[in-house]
Amino acid sequence: MSRKTYKLAVLPGDGIGKETVPEGLRVLDAAARRFGFDLELKHYDWSCETYAQTGKMMPDDGLDQLAQSDSVFLGAVGWPGVPDHVSLWGLLIPIRRGFDQYISLRPCKLMPGGRTPLANRGPEDIDFYVVRENTEGEYSSTGGRMFPGTDREFVTQDSVFTRVGVDRVMKYAFELAMTRPRRKLTSATKSNGITFTMPYWDERFAEMAKNYPGVTTDQFHIDILCAHFVQHPDWFDVVVGSNLFGDILSDLGPAVAGSIGIAPSANINPEKKFPSMFEPVHGSAPDIAGKWICNPIGQIWSGAMMLEHLGEKAAADCIVKAIETLLAEGGPRTRDMGGNAGTVDVGKALAEAVARG
Ligand code: NAI
Ligand code: MG
């Protein structure tokens, strides 16, 4: 069998992205050596710094350049001085939309030694995925404002739920549930208050469930679902939500699972027609950037998600196991996890663990 080569577009971005990405690459490199594949890296310095020099977050042909790669490995984007909507809409959103990354995936897993804000909960209680629809739903660009500045002023914004859009995110969530031991899928709805789109969402969910008799399903309205995330995180295995509900759950989920420094995420185009993008949940952390004390685990774990997407599941599992072992056995940890190790110490320890296997 010929050795596989994966082309990665590497975008450290701003702030601590420049510190976490090298550690992510260090661990990916160790995994590539051990599991016998190659990584061909192409580095891009697109960031708020580039914006200050060029007035653009990325060149006009930026997406064409990235389209040459199999995956995009991103640090964080955003820096004081450049408004967040400029950096977000200049780089991240064009990549997510342009590459039809219609799945936003976030594992919410309490690691051993992780600090959950929930009392009396351990790693056995918090281990689920949030699957968010990432292209339509409530975040649409149809609607408008009429009679501005008058008594009759009104604004509308439409929610857009297409059969294609709803079915594909549900299919992804069911398939993911099938790979998990519990095989359970929860749908986030609000069909008691939102009376067209959410009953449609429920209807498509029930329809799709017929194709997956092995998956146990349930559904909750988004308000009580948020409460259940806090009170009963152990109920959940895979949770699917629309763009808005998924957005809320995909911040709440990692929050109940502990430090923001370790939470990973993926923006996926499951058909692999376009590259998918893997990035930690955290931002550029201007308050600690430049000190090399940030936690690289969110980045490293995002690298594991990338390998899984590329088809290197054994390598991905090995990285996640290394993170679990390091945290369980008192390996080096950064300040946000109660230690005093530097970013590089953690990256090196994990790379060594992966190399050992
Ligand atoms: P942030 O995630 O950068 O920081 C929030 C807090 O968490 C800070 O106190 C920070 O020190 C801490 N923190 C974050 N990552 C950490 C790590 N790896 N290790 C240890 N501590 C860590 O969020 P904030 O401050 O709201 O945003 C800063 C900038 O990042 C903004 O410009 C924002 O737009 C951008 N941002 C970018 C994201 C992305 O690239 N996807 C996501 C979130 C924010
Ligand atoms: Mg959010």
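The values are calculated or read from the model by the stated rules, or taken from the named source; none is laboratory data. Not measured: the values here are computed from a predicted model. Every residue, glycine among them, receives a Cβ derived from its backbone with ideal geometry; neighbour counts consider all protein chains shown.
Does the stretch 121-134 contain at least one residue that is buried (at least 22 other Cβ atoms within 10 Å of the Cβ) and part of a loop (DSSP other than H, G, I, E, B)? The answer is yes; a qualifying residue exists.
Residues are listed down the side, and each one gets a yes or a no for (1) assigned to a helix (DSSP H, G or I); (2) aromatic (Phe, Trp, Tyr); (3) under 21 Å from the mean Cα position of the chain (by Cα):
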{"residue": "Arg3", "(1), (2), (3)": "no, no, no"}
{"residue": "Thr20", "(1), (2), (3)": "yes, no, yes"}
{"residue": "Glu23", "(1), (2), (3)": "yes, no, yes"}
{"residue": "Lys56", "(1), (2), (3)": "no, no, no"}
{"residue": "Phe73", "(1), (2), (3)": "no, yes, yes"}
{"residue": "Val86", "(1), (2), (3)": "yes, no, yes"}
{"residue": "Gly90", "(1), (2), (3)": "yes, no, yes"}
{"residue": "Arg97", "(1), (2), (3)": "yes, no, yes"}
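The single residue among Leu225, Leu244 that is crowded, with 19+ Cβ neighbours inside 10 Å and away from ligand 1 (no atom under 15 Å from the Cβ) turns out to be Leu225. When each of Asp64, Asp151, Asp167 is tested for being assigned by TED's automatic domain parsing to the domain that holds Asp234, assigned to a helix (DSSP H, G or I), over 30 Å from Ala328 (Cα atoms) and without any contact (Cβ under 8 Å) to a residue 60 or more places away in the chain, the lone residue that passes is Asp167.
Residue by residue, here is whether (1) within 16 Å of ligand 1 (Cβ to nearest atom); (2) within 23 Å of Asp84 (Cα to Cα); (3) at pLDDT 95 or above; (4) in contact with a strand residue (DSSP E or B) (Cβ under 6 Å, 6 or more places away or on another chain) holds:
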| position | (1), (2), (3), (4) |
| --- | --- |
| Asp251 | yes, yes, no, no |
| Ala255 | yes, yes, no, no |
| Gly261 | yes, yes, no, no |
| Ser265 | yes, yes, yes, yes |
| Glu271 | no, no, yes, no |
| Trp301 | yes, no, yes, yes |
| Glu312 | no, no, yes, no |
| Val320 | no, no, yes, no |
| Ala328 | no, no, no, no |
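Condition first: among the aliphatic types (A, V, I, L, M) and more than 17 Å from Arg132 (Cβ to Cβ). Now tell me which residues in the stretch 162-193 satisfy that. Within the stretch 162-193, just Met178 meets the criteria. Taking the criterion of being of a type in the set (A, V, I, L, M), assigned to a loop (DSSP other than H, G, I, E, B) and under 26 Å from Thr179 (Cα atoms), the residues of the stretch 99-120 that qualify are Leu110, Met111.
Output yes when any residue across the stretch 208-215 is farther than 22 Å from Trp301 by Cβ, more than 16 Å from ligand 1 (Cβ to nearest atom) and either in the same structural domain as Asp84 (by TED's automatic domain parsing) or under 23 Å from the mean Cα position of the chain (by Cα) (or both), and no when none is. Looking for residues that are farther than 22 Å from Trp301 by Cβ, more than 16 Å from ligand 1 (Cβ to nearest atom) and either in the same structural domain as Asp84 (by TED's automatic domain parsing) or under 23 Å from the mean Cα position of the chain (by Cα) (or both), one finds none in the stretch 208-215, hence no. May I ask you to verify whether Asp336 is in a helix (DSSP H, G or I) and within 16 Å of ligand 1 (Cβ to nearest atom)? In short, yes. Scanning the stretch 264-282 for residues that are within 16 Å of ligand 2 (Cβ to nearest atom) and over 8 Å from the mean Cα position of the chain (by Cα) yields Met277, His282.
Residues considered: Gly75, Gly114. Of these, the only one that is within 16 Å of ligand 1 (Cβ to nearest atom), over 30 Å from Gln157 (Cα atoms) and in contact with a Lys or Arg (Cβ under 7 Å, 6 or more places away or on another chain) is Gly75. Every test in (1) within 16 Å of ligand 2 (Cβ to nearest atom); (2) among the hydrophobic types (A, V, I, L, M, F, W, C); (3) within 30 Å of Arg335 (Cα to Cα); (4) touching a helix residue (DSSP H, G or I) at 6+ places or on another chain (Cβ under 7 Å) is passed by Ala257 save one, and that test is (4).
Looking across the stretch 231-263, the residues that are within 14 Å of the chain's Cα centre (by Cα) and polar (S, T, N, Q) come down to Asn243, Ser250. If only residues of the stretch 75-84 that are crowded, with 16+ Cβ neighbours inside 10 Å and away from ligand 2 (no atom under 16 Å from the Cβ) are counted, the one that is farthest from the chain's Cα centre (by Cα) is Val82. Gly357 falls short of the stated requirement of being in the same structural domain as Leu25 (by TED's automatic domain parsing), within 16 Å of ligand 1 (Cβ to nearest atom) and farther than 22 Å from Gly75 by Cα.
Condition first: of a type in the set (Ser, Thr, Tyr) and in a loop (DSSP other than H, G, I, E, B). Can you find one or more residues in the stretch 293-304 that meet it? No, because not a single residue in the stretch 293-304 is of a type in the set (Ser, Thr, Tyr) and in a loop (DSSP other than H, G, I, E, B).
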